[in-house]
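Below you'll find the structure, written out as structure tokens, and then a few comments.
What follows draws every value from the coordinates through simple rules; no lab data is involved. Values in this document were obtained by computation on a predicted structure and should not be read as measured data. Cβ sites come from the backbone with ideal geometry, for glycine too, and all protein chains shown count toward neighbours.
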Amino acid sequence: MYVFSNPVGAGSLWFDNLATADAIPVGYDPQARAFLPVGPFCANRERIGCNWIAPRAGAFCRSCAMTALAPDPTIANAVPNWAVTEAAKRWVLDNLGRWHWFRPEDPGTRPVFHMLAEGLTPVQMGHVDGVVTISVAEVDPVVRAARRQALEEPYRTMIGHMRHELAHMLWWRLSLRQDFLDSFRQVFGDERQDYQAALQRHYEAGPPPDWNQRHLTAYAASHPHEDWAETAAHLLHLTDIADSCVAAGVTTPMLPRHDWDPYAEADPGMLMRVAADLAMRVNHINRSMGLADLYPFVLSEVAQRKLAFVHNWLRRGAHGR
Ligand SMILES: [Zn+2]
Ligand SMILES: [Zn+2]
């Protein structure tokens, strides 16, 4: 993510800022990728702290307009959890927008979001026919840690959920193209195999012992759809790590240029090498505070080939070229 310039004074603005350090209200223009000192601001600004601008007064911003279902506000913490969830969604939509997905220049279908709080029954996250369902309860660190441990995952965040579920949506968009489907099946296998049976097998028997030779995560070994979603989420992780490092001035001798733009990089090998090197450096920085590694994953050769495949399609996919 970029670090943005302040339109009304000195200093920088971060993507989630609602105001400058001098308390002057600002809004983020997702089309211009810049902060503005004037509205119209999103109708969700007061309610959930959305800092994007809206097309007209009283309207939702481009991101909030994609949310068809908001959580039941009578469930404890539903609204503050929803606010954090929408912030993660805006971040990932802006990432995908760098490759033109879901911006006005993208002629394809937009995702519809169902943001659900959890009452007595857990909410199953997922994607079906363009509808992304997200459990806002996972903003709670206790809920998230319990599920991460139960599923033996090294990493679980709301931004990770957004990337994973939107990746399913992107597959659905790309699957309209036969050339995509043919090449997808060569790299990831045939996604027409029984999905429910595959997931049941995964939860009962666990992943094959050598899963990390072929997949980025154990869950990715369950079915080609999940392999794609995990791999595409990781491509977004790695690209955003590289982009955020460049914006923050964290560097490596491997950086091609000081103003290198990872989203414009055509060579997936270069992108992955630089991102992995930067991630390793930030892992080291995190250890100085006793924090978990930023990116606790290993990129096998097969996983790198899959990441390169996803990179190729996400870079050119929104325009259908
Ligand atoms: Zn909004
Ligand atoms: Zn999935």
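For the range 21-160, what is the percent of antiparallel DSSP beta bridges, rounded to the nearest 5?
Roughly 45 percent of the DSSP beta bridges within the range 21-160 come out antiparallel.
How big is the gap, in Å, between the Cα center of the range 250-276 and the Cα center of the range 40-63?
For the range 250-276 versus the range 40-63, the Cα centre distance is 34 Å.
Could you give the dipole magnitude of the range 1-65 about its Cα centre, charging the beta-carbon of Lys and Arg +1 and that of Asp and Glu -1, in debye to the nearest 20?
For this selection, approximately 220 debye.
Assuming a ≥ b ≥ c are the square roots of the Cα gyration tensor eigenvalues, decide whether the chain counts as rounded (a/c under 1.5), prolate (otherwise, with a/b larger than b/c) or oblate.
Taking the square roots of the gyration eigenvalues as a ≥ b ≥ c, the chain is rounded.
Which trypsin sites (Lys or Arg not before Pro) in the range 169-247 sit in a loop by DSSP (not H, G, I, E or B) and have at most 11 other Cβ atoms within 10 Å of their own Cβ?
Counting only loop positions with at most 11 other Cβ atoms within 10 Å, the trypsin sites (Lys or Arg not before Pro) in the range 169-247 are 192.
Trypsin sites (Lys or Arg not before Pro) within the range 1-103: which are DSSP loop residues with at most 10 other Cβ atoms inside 10 Å?
For trypsin sites (Lys or Arg not before Pro) across the range 1-103 that sit outside H, G, I, E and B with at most 10 neighbouring Cβ atoms in 10 Å, the list reads 56.
Mind telling me which of 203, 295, 28 comes out most flexible in a GNM of the chain, alpha-carbon contacts under 10 Å?
Highest fluctuation of the listed residues: 203.
If you place +1 on the Cβ of every Lys and Arg, -1 on the Cβ of every Asp and Glu, and leave all else neutral, what size is the dipole of the range 21-131 about its Cα centre, to the nearest 20 Debye?
Taking the Cα centre of the range 21-131 as origin, the dipole is about 220 debye.
Which of the three applies to the range 226-321, rounded, prolate or oblate, going by the alpha-carbon gyration tensor with a ≥ b ≥ c and a/c under 1.5 meaning rounded?
Here the range 226-321 falls in the oblate category.
Report the Cys residues of the chain lacking a disulfide-compatible partner, meaning no second Cys Cβ under 4.7 Å from their Cβ.
So far as the 4.7 Å Cβ criterion goes, 64, 245 stand without a partner in the chain.
Taking only the alpha-carbon atoms of the range 1-102, what semi-axes of the equivalent ellipsoid follow from 5 times the gyration tensor eigenvalues under a square root, in whole Å, largest first?
22, 16, 13
For the pair residue 254/residue 23, report the inter-label distance in nm, with labels modelled 7 Å from Cα in the Cβ direction.
Here the answer is 4.6 nm between the modelled labels.
Hand me the GluC sites (Glu not before Pro) from the range 145-234 located in a DSSP loop with no more than 11 other Cβ atoms within 10 Å, in residue order please.
Passing both the DSSP loop test and the Cβ count: 152.
Rank these for me by crowding, 267, 243, 140, going from fewest to most other beta carbons within 10 Å.
267, 140, 243
Please order 136, 187 by the number of other Cβ within 10 Å, starting at the fewest.
Ranking 136, 187 by Cβ neighbours within 10 Å, fewest first, gives 187, 136.
Just the number, please: percent antiparallel of the DSSP beta bridges in the chain, rounded to the nearest 5.
So the antiparallel bridges amount to about 55 percent of the total.
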